[in-house]
Every structure is written in structure tokens, then in C-alpha cells.
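**Q** First the structure, which I've put down as C-alpha cells, then a few questions once you've had a look.
The values are calculated or read from the model by the stated rules, or taken from the named source; none is laboratory data. Quick caveat: nothing in here was measured; it's all calculated off a predicted structure. FYI the Cβ positions are ideal-geometry reconstructions off the backbone, even for glycines, and counts take in every protein chain you see.
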């Protein structure tokens with residue numbers, strides 16, 4: 001696992017590429033030393049890529065993508081405007097593995113953007129939110145009039161996933177529980193401290209809502225030649 005605080009918080013990442021490299025490395029539970037060993041680079045160079053304005057050559061990018069079990073397009077962001085699932089072919093014999101609750105909660109805590117499903121006066125809605133996991137709860141900020149505000153007092157579903165259509169693999173986690181407003185000043189302060197960025201939609205979104213999961217389930221799709229231990233290590 002990463003062994004320094006700045007690696008976990010993302011402090012000092014200078015470019016989108018650096019942030020993607022660091023995020024994927026942390027998702028896989030790799031230290032900079034381990035990533036350097038996988039790519040044949042120096043640890044100081046991995047730090048430089050993550051924290052400074054660097055432009056690695058195609059050869060380095062390919063080695064990074066391979067070591068991080070992702071694609072060049074995902075690593076560089078060139079696939080960010082394409083919806084998942086539009087390409088790629090499912091592997092014959094691929095199978096779904098049920099994830100236990102500990103694995104699911106670990107994956108929930110490894111990401112920062114998920115989707116919340118709510119029922120509004122206009123009907124069901126699924127919207128993306130920036131979130132944090134705190135004391136087992138899923139918390140996010142919103143505005144009074146925004147769709148996610150419908151979470152308060154209702155049983156809702158929250159989903160997060162990672163899909164790689166090129167490798168035909170991925171995982172998803174679903175949490176179900178009741179939503180509530182976070183009003184205690186100390187709790188709000190702790191959540192504010194844990195949040196590194198503003199919600200993507202922008203504007204004034206200072207109302208914290210939290211979901212306390214009562215049921216957490218997840219599945220991972222793996223290739224027929226990948227055993228359970230390897231799948232669990234893939235993050």
C-alpha cells in the first residue's frame with residue numbers, strides 16, 4: 001500500500017495525467033516503489049510524473065498503462081468522452097464473482113464519484129455525486145433544490161463502479177440505505193476537512209447528506225484464466 005500521506009491525498013499532482021496515474025496506482029494498492037519496479041523506471045521518476053508537469057514518451061506511457069492494468073486511452077484521458085460499453089467483446093467463459101462486504105466497502109472508499117438513485121416528484125432519477133466515506137457512511141454535498149436532496153428521509157441506492165471495455169473486465173458495488181441530513185457542526189466540519197475538492201456541478205452546495213448502508217453488495221467480472229486471488233488483488 002502507499003506509504004506516505006501525500007500519496008493518499010493526491011497533494012502536489014501537477015497534471016491530469018499525474019492524477020490519473022496516482023489514482024490508479026492507489027486503487028491497485030501499489031506504492032511508487034512497486035510501480036517503478038513494474039515499469040523499469042526509478043521511483044523518483046514516478047514521483048515526478050505524478051507531481052510535476054511532465055510529458056512522458058509513448059513508450060513510457062505504454063509501460064505505465066500495462067503496469068496499472070489500464071489502457072493508454074484511459075490513462076491519458078482520451079477515452080473520457082466515450083460512454084462505457086460501446087466497444088470491446090466479452091470474453092467467452094468470463095464469470096461474475098460475488099464480493100464480500102469488506103471488499104465492497106473497500107472499493108467504495110477507493111473512489112470519489114458515484115451515482116445515487118432517488119425518487120423525485122417527477123419520477124425516478126439517477127445522478128452522479130462527488131462523495132466521501134466517513135465512519136462507514138456515504139456522504140456528499142448538494143444544494144437544497146438539487147435532485148440529490150431527495151435522499152433525505154428516503155431509502156435510496158448508491159452505486160459506484162469501474163469498467164474497462166478494452167479488457168472486458170470491471171466491478172460494481174451497490175449500497176442501499178436511508179438518507180439523512182448531516183446537521184451536527186462537528187460532523188460537518190469533519191466532512192469539510194476530508195473533502196479535497198468542490199462538487200463538480202459548481203455553485204453553492206453546502207448541504208451535507210449521508211447514506212448509512214444497511215445492505216452492501218458487489219460483483220466483479222473476471223476472465224476465465226484469472227483466479228479469485230488475482231481478482232482480489234486487482235482493486
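**Q** For residue 87, state whether it is at pLDDT below 80 and either over 25 Å from residue 207 (Cα atoms) or in contact with a helix residue (DSSP H, G or I) (Cβ under 8 Å, 6 or more places away or on another chain) (or both). Quick ask: steps written out before the conclusion?
**A** On the way: at pLDDT below 80: yes; either over 25 Å from residue 207 (Cα atoms) or in contact with a helix residue (DSSP H, G or I) (Cβ under 8 Å, 6 or more places away or on another chain) (or both): yes.
Against the criterion (at pLDDT below 80 and either over 25 Å from residue 207 (Cα atoms) or in contact with a helix residue (DSSP H, G or I) (Cβ under 8 Å, 6 or more places away or on another chain) (or both)), residue 87 qualifies.
**Q** Can I ask one more? In the stretch 13-37, how many are in contact with a helix residue (DSSP H, G or I) (Cβ under 6 Å, 6 or more places away or on another chain), touching a residue at least 12 places away in the same chain (Cβ under 8 Å) and crowded, with 18+ Cβ neighbours inside 10 Å?
**A** Looking only at that region, the number is 8.
**Q** On to the next question. Would you point out which residue out of 126, 116 is in contact with a strand residue (DSSP E or B) (Cβ under 6 Å, 6 or more places away or on another chain) and surrounded by 15 or more Cβ atoms within 10 Å (Cβ to Cβ)? Quick ask: steps written out before the conclusion?
**A** Details: 126 fails: surrounded by 15 or more Cβ atoms within 10 Å (Cβ to Cβ).
Exactly one of 126, 116 is in contact with a strand residue (DSSP E or B) (Cβ under 6 Å, 6 or more places away or on another chain) and surrounded by 15 or more Cβ atoms within 10 Å (Cβ to Cβ), namely 116.
**Q** Let me ask something additional. If you check 47, 52, 38, which single one turns out to be under 22 Å from the mean Cα position of the chain (by Cα) and outside the structural domain of residue 103 (by TED's automatic domain parsing)? Full working, then the answer.
**A** On the way: 52 fails: under 22 Å from the mean Cα position of the chain (by Cα); 38 fails: under 22 Å from the mean Cα position of the chain (by Cα).
Result of the check over 47, 52, 38: 47.
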